[in-house]
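Enquirer: Take this structure first; my questions come after.
The values are calculated or read from the model by the stated rules, or taken from the named source; none is laboratory data. Since we're looking at a predicted model, the values are computed, not measured. Here the Cβ positions follow ideal geometry from the backbone for every residue, glycine too, while neighbour counts run over all protein chains shown.
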Amino acid sequence: MPGFARGSMFPGTLTAPPRAAGGSVEFSLYVHIPFCAARCPYCDFTITIVRERPEAAYVDALLAELRSRWAEGPWAVGTLRSVYLGGGTPSILAPELIAKILDEARGLGGGAFQPAEITLEANPEGLSASALSEWREAGVNRLSLGAQSFDARHLEFLGRGHRAEDIRAAVALARGAGFENVSLDLIFGMPGQDLASLQTDLGEAVALGPQHVSAYNLTLEPGTRLHRDWKQGKLEPPEEGLQAEMFEAIENRLARAGLARYEISNFACPGFESSHNRHYWRRGSSLGIGTGAHSFLASARGGRRWWNVRDHRRYIARALADEPVEEGAEDLTDDDARREWVFLRLRGVEGFAVEEFRRAFKHDVDEVFPGVIAALIADGLVGDDPERVALTRRGRLLSNEAFMRFF
């Protein structure tokens with residue numbers, strides 16, 4: 001998630017894992033497509049920039065990994081609730097390769113392949129009506145567009161290759177192809193940005209009638225060009241008071257357009273909250289395939305997390321040779337699970353019920369985290385409700401600070 005990481009502002013096991021009818025594990029599928037035309041100066045994701053993209057070989061490797069994972073279980077006896085094709089730039093792939101991935105998952109899942117939401121990330125530039133129609137025909141029903149801004153100066157600063165008119169054209173083409181669920185990503189808190197510029201971005205975004213908006217505060221991730229520029233004194237973000245005003249302005253403007261905040265950085269029309277991300281925020285099991293993809297298998301204890309190699313050449317060679325593509329793994333402790341459960345639930349505006357924590361862990365939250373909730377209430381970061389723990393507006397503004405209290 002893009003945003004300025006400065007320590008104080010803006011972010012960026014429970015019981016048994018969620019189960020479908022009949023007792024099978026519900027899980028989500030994440031498919032990582034690493035290819036990009038260029039690396040944006042704020043991006044620290046696993047991406048691949050090469051003159052000749054080995055798209056077909058990479059998709060064959062994805063399918064090989066998917067089959068191998070499926071044979072291991074418990075995915076084969078689970079229910080797939082959502083699919084997310086992220087990156088990188090998934091829209092860079094030929095539409096028939098996107099269809100090939102979804103067809104393979106559909107064939108493996110059989111009757112358990114029942115995702116209500118299949119998301120594909122896309123850049124606004126270069127989208128065609130034919131590609132959008134083919135994605136829709138393949139089963140993609142949610143499009144996430146990396147708009148970021150409608151201001152030419154800010155798009156240049158972010159290294160984006162599109163213009164405001166490309167965003168408008170992309171949304172119009174998506175509607176024409178039958179997409180009824182379109183999400184826009186926006187970035188705020190850029191050097192030189194003021195409230196008027198942000199309000200223009202928000203106005204442009206809501207005029208397109210998106211069902212979902214993700215608004216991320218610009219984070220300077222170590223290893224990125226913007227982080228290096230910041231360390232060298234070449235750029236300075238807006239002061240924190242202005243960033244706080246931006247945070248409030250986003251919520252107010254989107255609310256007036258019918259998009260309610262349901263998570264720190266995410267807003268949606270009723271019924272269009274991201275099912276895939278909500279599953280993640282509830283520590284649901286997830287299978288990730290592709291370079292750098294992370295997976296998580298929930299359990300009544302801590303659960304297990306693992307991740308893949310990041311280099312696309314090693315990934316392709318290993319997957320096609322039926323060799324492990326896993327690069328690392330960790331088994332989570334009970335303490336890990338409790339902390340994750342709390343801060344992931346707190347990302348949602350509803351927070352969590354005290355009784356919900358008690359049922360999950362057989363202890364009261366004040367027993368496990370003595371004095372923490374009381375201190376958060378005293379500091380105005382969570383509300384003073386004896387039955388529910390949820391961040392206040394101030395708490396959402398300072399969410400990283402609130403989360404760290406549990407560690």
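Enquirer: Please work out which residue is farthest from the chain's Cα centre (by Cα), limiting yourself to the range 112-135 and to residues that are surrounded by fewer than 18 Cβ atoms within 10 Å (Cβ to Cβ) and of a type outside the set (Gly, Ala, Ser).
Expert: Among residues in the range 112-135 that are surrounded by fewer than 18 Cβ atoms within 10 Å (Cβ to Cβ) and of a type outside the set (Gly, Ala, Ser), the one farthest from the chain's Cα centre (by Cα) is 134.
Enquirer: Mind checking which residues of the range 184-210 are buried (at least 22 other Cβ atoms within 10 Å of the Cβ) and either over 15 Å from the mean Cα position of the chain (by Cα) or polar (S, T, N, Q) (or both)?
Expert: 188, 189, 190, 193, 198, 201, 202, 205, 210 - these are the residues of the range 184-210 that are buried (at least 22 other Cβ atoms within 10 Å of the Cβ) and either over 15 Å from the mean Cα position of the chain (by Cα) or polar (S, T, N, Q) (or both).
Enquirer: Do we have residue 50 as surrounded by 15 or more Cβ atoms within 10 Å (Cβ to Cβ), assigned by TED's automatic domain parsing to the domain that holds residue 26 and not acidic (Asp, Glu) here?
Expert: Judged against the criteria, residue 50 is not a match.
Enquirer: Conditions: (1) over 13 Å from residue 208 (Cα atoms); (2) assigned to a loop (DSSP other than H, G, I, E, B); (3) not charged (D, E, K, R). Residue 109 meets all but one. Number of the miss?
Expert: Condition (2) is where residue 109 drops out.
Enquirer: Which one is farthest from residue 288 (Cα to Cα) among residues in the range 56-105 that are among the aromatic types (Phe, Trp, Tyr) and assigned to a helix (DSSP H, G or I)?
Expert: Result: 58.
Enquirer: Give me a count of the residues in the range 220-257 that are surrounded by 14 or more Cβ atoms within 10 Å (Cβ to Cβ) and of a type in the set (S, T, N, Q).
Expert: The total comes to 2.
Enquirer: Which of the residues belonging to the range 334-391 are among the charged types (D, E, K, R) and over 22 Å from residue 280 (Cβ atoms)?
Expert: Correct list: 355, 358, 362, 364, 366, 367, 379, 384, 385, 387.
Enquirer: Look through 359, 305, 283 and report the one residue that is part of a loop (DSSP other than H, G, I, E, B), basic (Lys, Arg) and touching a Ser or Thr at 6+ places or on another chain (Cβ under 8 Å).
Expert: Step by step, each of 359, 305, 283 is checked, and only 283 is part of a loop (DSSP other than H, G, I, E, B), basic (Lys, Arg) and touching a Ser or Thr at 6+ places or on another chain (Cβ under 8 Å).
Enquirer: Somewhere in the range 335-350, is a residue outside any loop (DSSP other than H, G, I, E, B), modelled with pLDDT of 95 or more and more than 30 Å from residue 289 (Cα to Cα)?
Expert: Within the range 335-350, not a single residue is outside any loop (DSSP other than H, G, I, E, B), modelled with pLDDT of 95 or more and more than 30 Å from residue 289 (Cα to Cα).
Enquirer: Being hydrophobic (A, V, I, L, M, F, W, C), out of contact with any helix residue (DSSP H, G or I) (no Cβ under 6 Å at 6 or more places or on another chain) and farther than 18 Å from residue 324 by Cβ is the filter here; which residues of the range 33-79 pass it?
Expert: Matches in the range 33-79: 36, 37, 38, 40, 43, 45, 47, 49, 50, 56, 77.
Enquirer: Of all the helices (runs of 4 or more DSSP H) wholly in the range 116-187, which have at least 2 residues that are among the β-branched types (Val, Ile, Thr) and more than 21 Å from residue 33 (Cα to Cα)?
Expert: Qualifying helices (runs of 4 or more DSSP H): 164-176.
Enquirer: I've got another one for you. If you scan the range 308-334, which residues turn out to be in a strand (DSSP E or B) and within 28 Å of residue 35 (Cα to Cα)?
Expert: Listed by number, the residues that qualify are 308, 326, 327, 328, 329, 330.
Enquirer: Any idea which residue in the range 258-280 is surrounded by the fewest Cβ atoms within 10 Å (Cβ to Cβ), counting only those that are polar (S, T, N, Q) and not in a loop (DSSP other than H, G, I, E, B)?
Expert: 275
Enquirer: Follow-up. Pick from 330, 323, 356: which is over 30 Å from residue 219 (Cα atoms) and either loosely packed, with under 13 Cβ neighbours inside 10 Å or of a type in the set (Lys, Arg) (or both)?
Expert: 323
Enquirer: Sticking with this structure for a sec: Return the residues of the range 144-162 that are at positive phi and touching an Asp or Glu at 6+ places or on another chain (Cβ under 8 Å); say none if nothing qualifies.
Expert: Passing the criteria: only 148.
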